[in-house]
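For reference, the structure is listed below as C-alpha cells.
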Protein chains: 2
Amino acid sequence: MSVNSRQDRISIAALGGVNEIGKNMYVIQCNEDIIVVDCGSKFPDESLLGIDLIIPDISYLIENQDQIRGLIITHGHEDHIGGVPYVIKQLNMPIYATSLTLGLIRVKLQEHRLLKNSELHEIDSNSELTLGSILVRFFRTNHSIPDCLGIAFQTSLGTIVHTGDFKFDLTPVNEQYADIHKMAEIGKNGVLALLSESTNAERPGFTPSERLVGGHIEEAFQKAQGKIFLSTFASNVHRVQQVIDAAEKTNRKLILLGRSMVNVVDIASSLGYLRLPEGMLVDASECTRFAPHELVILCTGSQGEPMAALARLANGTHRQIHIDPGDTVILASSPIPGNERNVGRIVDHLFEKRASVIYGSSTVTGMHVSGHASQEELKLMLTLMKPTYFIPIHGEYRMLHQHRQLAEAVGVDPNHIFIVKNGDVIDIWASEARQERKIPNGNTLVDGLGIGDVGQIVLRDRKVLSEDGILIIVMSIAKSDNKIVSGPDIISRGFVYVRESEGLIGELQRIARSSITQLQSDKENTDWSDYKLTLKEAIGKFVYTHTKRRPMILTIIIQV
Amino acid sequence: MSVNSRQDRISIAALGGVNEIGKNMYVIQCNEDIIVVDCGSKFPDESLLGIDLIIPDISYLIENQDQIRGLIITHGHEDHIGGVPYVIKQLNMPIYATSLTLGLIRVKLQEHRLLKNSELHEIDSNSELTLGSILVRFFRTNHSIPDCLGIAFQTSLGTIVHTGDFKFDLTPVNEQYADIHKMAEIGKNGVLALLSESTNAERPGFTPSERLVGGHIEEAFQKAQGKIFLSTFASNVHRVQQVIDAAEKTNRKLILLGRSMVNVVDIASSLGYLRLPEGMLVDASECTRFAPHELVILCTGSQGEPMAALARLANGTHRQIHIDPGDTVILASSPIPGNERNVGRIVDHLFEKRASVIYGSSTVTGMHVSGHASQEELKLMLTLMKPTYFIPIHGEYRMLHQHRQLAEAVGVDPNHIFIVKNGDVIDIWASEARQERKIPNGNTLVDGLGIGDVGQIVLRDRKVLSEDGILIIVMSIAKSDNKIVSGPDIISRGFVYVRESEGLIGELQRIARSSITQLQSDKENTDWSDYKLTLKEAIGKFVYTHTKRRPMILTIIIQV
C-alpha cells in the first residue's frame, strides 16, 4: 500500500473475518498511517487435524510495521481478541480498547507472559485519538458482551466507519444504550465508506432484546423446585446479570462453575459491569449447606464442550455438585452449527438423571437471543450511515451477499458495494474506488507452542495417518552384498490390531522379502532407493487389494 | 433368550437404533422363534477415524441362528438396509420386504456379489406370513420413501406392533395412503406391546404433508428464468415425482445427476413408483441442445456432501453442466446436524456464481418436510394402538424420553413404559413384563473390506497420529558391546515439517544419543527394552516441553 502519487489514498483490507466467521482483523490505511482493527482467532474445522487455533497471517503488518499507529479492539470476544498474544509476540503494537475488553486481553497476555511488555491504552466511547493523520472517534453499540465500540476514522478524504459487532437493543440490560444519536451525527456529516458486520444478514426482522431473556429466566426460576443449573457463554455479562437478578428475586445463592465463568464474573464485577449482591456468591464446596431450592449454579459448557462444567455435571463426574431428579437445567444458548451432537448428548444425560431440561430452539424457550443485528437492523445502520462505499464484513460469503442485497434495498449504489476476500484491498481516492490489489493473507496455524510451523505436508500426513494408520517395514542389509541380514519386520500403528491380523502381517513379511529377492535377481546394482520404492509399491498394492485401506508406508533399511 | 419355564414368553430387544439415530435392528422373539426387523448402518462420528460405516454387532443372532425365522425390512433407507450385505455375509437369513425396498437391497447385494445366494421374498402390506409360531401382518405407513411397512406380530401372548418409520400424511403423493383403518383394527383387537419410532418426538404439532412441498416446487418453477437445479435425497421418490410433475407443467426436460439419483429413479420408475412422462428424461451430455428455461437438473448432494453432484456444480468442476448467473438452485432438504458447514459452503459458491438460491429453514422456504411423525402424530399412533406395554425406539435418549412423556399423556401406564438401551431385553409373560437381561450388542466397525477388525487400540493410535503425528527414532547398536553403530536418525510424519525444524530434529538426535550414553554409563547390562524406554521418555519430555505436542514415539533399534 505504498503511495504512488501525490493524491491522498485510503486503503481498506481484511486480514481475517470475511468469507469466514472468526479471526477478525481489518486494516485501515490512510497514506502512510495504518490502523489495525481487532485481532481474533478461530477454531479449526475437522480437516485441520491437531491444530489448536487459527490466527491471521500478519506478514503484511510485519513488513509495514513502521506505519502502524495502533491496534484497536472493538470488543472482548475470542474472534476479536483471541489472536492478541500470538500476534503481539511477533509484532508489538499499542492496543486501544475499553475497560472490560482490556481486562479480558490482560488475562491472555498474562498467560503468555507478555503483559509487562505490552502497551495497553484504555478508551471509552467518548475517547478521541489522533493516530498519525487520522482522528479516531467511537460510538457504543449493543452486543452480547458489554462495552462494544464502533469506530469512525476521520481522514483527509472522509470518514470510514467500522461497526464492530452490533445489534440495536432499545431496552439494554444495565442501561448500556447504544450511541444512536452519535451514529446519526456521523452519518449526517457524511460517511465515505462503511464496514458493517454481516453475521445475521440472512435473518429477517429485528433481533429481540436481551431483556426478554431475563423475563424467561425469572419465570423459570419462579417455577423451579430443586436446584437450578443455567449454562450460557461466560462473556455474556448481561445475561449473567439477569441470572443474578433472578437469583436475588427468588432468594437463591449463586455458585459459579467453569474457569471462564469465574474469570469473567471476577473481571466484570471488579470493573463495575456486574452488580453482584453481597453474600450471594457461594463456593461450590459449600453447596451442601443449602437446600436445593436455595441454589443456582451458573456454568460454562452451553455449547456441549466435553470438558466444560455442564458436560461434567451431566456425566456425573463433577466432584462437588450433582444433578438430582427434579433439578432444572437451562441451556441459555443456541448450539453453533457443528455442536448439536455434543449438546444433544448432554441433554440425553440430563434426562437420564430425570432433570427437567429447558433446551432446544430459542424461539420456543426464549432463553437466548442473538447478539447480532438482523436484516432490519442492518438496514437501519446503513440508513443512519448513508455511506458512499459499502464493504460488508464479518461473515461467510452468503452473509456478505445477503448484506449486499440489503444495502441495495436501502439505496446504496450497487457499483459502490465491494464484497472482498481476505487480502483484497479496496483503494479509495477522492474521485473513485477500486478493488484491484491483494496483500499477503492466510491462516496461521497454532499447534501447541508452534505458530505457523504446521503446514500442508504435515496436515496431509496427519490425514493419512488418521484414516488408515502407518505400516513400517524395517530391515537391515549387508554392506558387502546388499543381502538381507535381518527383517523384514512389520510394525503397524492405527492400521490393524496386530494380534488379530497375524495372518496379514505374516503375508506382508513374505511379500517384502520376495519383492526384495526378486529385485536383487533382476538387477545387478540395487541401491536403497530401489529397495524402498519396490517395498512401498508391493506392500501398498497388497494391502489395498486385501483391505481397501491405504496406510502410510515407511521403509527403514539399515546397512550393516 | 432360552425358555426357562413352560410359560410362553416374548422377548424384545434392540441391537441398534435406540440411544442413537441409525443402524436399526430389532429382535422379536416368541419362545424359540426369532424374527429380526431391519438391518441398518450408520455413519461414524468424527471420533471413529478412518471408519467407513457402523453396523450392529450380531453375535446374538449368530449364536441363535437356528431360531431365526426371517429378517423383515420395513423400508429402504440406509439406517434400515445399509447393514444387509455385511450381515448377510456373516449370517444368511430369508429377507422379507416390499418391492421398492427389495429393489434397493438387490443393488447392495449385487455390489457385494451376494445376490445369488440371498433369499429374498417380496411382500406387500396385504401379505400375511407365518414365521414359526408367529403370524405376521403388515400395515402401510407414510414416510419419505414409498412402500413403508408397520408390522403386527400375532403371538400366543398377544400382538406386538413395530411401527417402522412413519408420519400421517393425509394427502400423500401418488395415493400412497396409510392403512389407518387396519391400524385401528389391530389396536381395537388389543396390542400387547408397541414399538414406535421417536425421531421427531421433540417436535410439537403435526408434520406437514409432502404435498405442500410440491406446491412450493411448482411455484418456484413457474418463477424461474434460467436453468433450475433441485437437490434432494434420491430416495425421496415422492419429492422426485413432484419435481417431475412441476417440470411437466413448466415444459422443462429433466436431467439426473448423481449415481444414487440415477439408480433410484431407475428402480422406482421400473417398479411403477414413479410416473415419468415419455421423452422428459435427457442425458447430461445433451444439455446444450436446450435453452436454459427448458431444463431442470435434479441432483444429489443436498446435505453438502463434498463429492456429490451439487458440490461439483457449485465448485464449477462438473464436466457437462455449469451454473450460470440467473439460474435457480433449490435445496429441497434440511441440513442434518453436522452438515450445516458443508451446505453453507455450497450456498457460498452458488452466490459467487450469482445464482438465485432457495435455501435455509424449510419452515421459511417450504421446500422440505420431515418424513417422521411429530408429537400429535405419535400420540395418534399410541391412541390407535392402545398398547399394554410401550417401548419407544428409533431415537436418541432425549427423543425416547419425550416419547415416554407423550405416551403418559395419552394414558399409557408409566410403569409399562420401557426405555431401553441397545441389548436390553424386555421379557413379557402373560402377567407381567420385566427389563432385567442384556444380550451382546455393540458397534461393528467397517473399514474398507474389514468388518470388525478395527478396535479401540487401533482407533486410539489413529487419534494420537491425527493430532500430533509420529516421531521414529532409528539406530543400530553393536551386538558385541551395545555401542551405537549408526543413528540415532529421526523420522517425523505429521509432526513438524522437517526442513522448517532442522534445529529441533538435530536437538532430538543429540538428546537420543546422550540419553543412551548416559544409560550405558549408569548401568552395566542394558538391553533393548531399557534403550527403548529411555529414548521414549527423554524424547517425549523434550518434545512436549518445547512444542506442547505429544506425537507417537516409536524407537527402532537394530542389533548388528
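Summary of computed values
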| read-out | value |
| --- | --- |
| C-alpha center-to-center spacing [segment A:273-348, segment A:203-266] in angstrom | 11 |
| Vicinal HN-Hα couplings computed from phi for segment A:144-149 (Karplus, 6.51 cos²θ - 1.76 cosθ + 1.60; Hz; Gly/Pro x) | 7, 8, x, 6, 8, 10 |
| Binned Cα-Cα distance frequencies in segment B:198-255 - 10 Å width, integer % | 20, 47, 22, 11, 0 |
| Convex hull (Cα only) mean projected area of segment B:228-285, reported in nm² to one decimal | 3.8 |
| Amide H contacts under 5 Å for B:T159, placed H, 5+ residues apart | B:L192, B:A193 |
| B:I553 long-range amide H proximity, modeled H, under 5 Å | B:L471 |
| Cα lying deepest toward the dipole's positive end in the protein assembly as shown, options B:Y397, A:F229, B:G258, charges on Cβ | B:G258 |
| B:V357 long-range amide H proximity, modeled H, under 5 Å | B:V329 |
| Label point 7 Å beyond Cα along the C-beta direction, distances from A:N92 to other copies (nm, shortest first) | 7.9 |
| Shielding by partners - mean other protein chain Cβ count within 10 Å, residues of A:335-344 | 4 |
| Table column - 3J(HN,Hα) (Hz), segment B:22-28, Karplus curve with 6.51, -1.76, 1.60, x for Gly and Pro | x, 6, 5, 7, 10, 10, 10 |
| Percentage relative contact order, chain B, counting C-alpha pairs under 8 Å, at least six apart | 15 |
| Modelled FRET efficiency - R0 22 Å, A:Q67 with A:K89, Cβ distances, 0.05 increments | 0.65 |
| Two-site FRET efficiency, B:A430 against A:E376, from Cβ-Cβ distance with R₀ of 60 Å, rounded to 0.05 | 0.40 |
| Cα centre as origin, Lys/Arg/Asp/Glu Cβ charges: segment B:456-559 dipole, Debye | 320 |
| Neighbour-limited loop hits for GluC sites (Glu not before Pro), segment A:215-315 (at most 15 other Cβ within 10 Å; DSSP other than H, G, I, E, B) | A:E278 |
| Beta bridges per DSSP with both ends in the protein assembly as shown, % antiparallel, nearest 5 | 55 |
| Sequence ranges A:84-91, B:60-67, ranked by mean other-Cβ count within 10 angstrom, highest first | A:84-91, B:60-67 |
| Over 23 Å between alpha carbons, listed pairs B:K42/B:K116; B:K23/B:K116; A:K167/A:K188; A:K42/A:K463 | B:K42/B:K116; B:K23/B:K116 |
| Percentage relative contact order, segment A:456-559, counting C-alpha pairs under 8 Å, at least six apart | 38 |
| Å³ per residue enclosed by the Cα convex hull of chain A | 210 |
| Other copies of A:R354: label-to-label distances in nm, shortest first, labels 7 Å along the beta-carbon direction | 6.4 |
| Over the protein assembly as shown, volume per residue of the alpha carbon convex hull, in Å³ | 219 |
| Reach of B:K227 by Cα under 12 Å, taken over aspartates and glutamates that are not fewer than 8 positions away in the same chain | B:E294, B:D324, B:D327 |
| Label spacing, shortest first and in nm, from A:P277 to its equivalents in the remaining copies (7 angstrom along Cα→Cβ) | 7.2 |
| Inter-part distance where segment A:429-455 and segment B:96-150 are each reduced to a Cα centre, Å | 57 |
| Helical mean residue ellipticity (222 nm; -39500 (n - 2.57) per DSSP H run of 4+; nearest 500) of chain B | -9500 deg cm²/dmol |
| Three-way shape label, segment A:210-365, alpha-carbon gyration tensor, a/c 1.5 | rounded |
| Loop-resident sites, segment A:75-141, for GluC sites (Glu not before Pro), counting at most 15 other Cβ within 10 Å (DSSP) | A:E119 |
| 5 Å binning of all Cα-Cα separations within segment B:388-514, expressed as whole percents from 0 upward | 2, 8, 11, 10, 9, 8, 7, 7, 7, 5, 5, 6, 6, 5, 3, 1, 0 |
| Largest-first principal axis extents, alpha carbons of segment A:148-210, Å | 39, 28, 18 |
| Cα gyration tensor shape of segment B:456-559, rounded if a/c is under 1.5, else prolate or oblate by comparing a/b with b/c | prolate |
| Protection proxy ranking, peptides A:144-150, A:451-457, average beta carbon neighbours within 10 Å, highest first | A:144-150, A:451-457 |
| Hz values of 3J(HN,Hα) by residue in segment A:300-313 - Karplus curve (6.51, -1.76, 1.60), Gly and Pro given as x | 7, x, 5, 9, x, 3, x, 9, 7, 4, 4, 4, 5, 4 |
| B:S133-A:N251 FRET efficiency (beta carbon distance; Förster radius 60 Å; 0.05 resolution) | 0.40 |
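Where a number appears in this text, it was derived from the coordinates with a stated rule and is not lab data. Keep in mind the model is a prediction, meaning the values are calculated, not measured. As a convention, Cβ positions derive from the backbone with ideal geometry for all residues, glycine included, and neighbour counts pool all protein chains shown.
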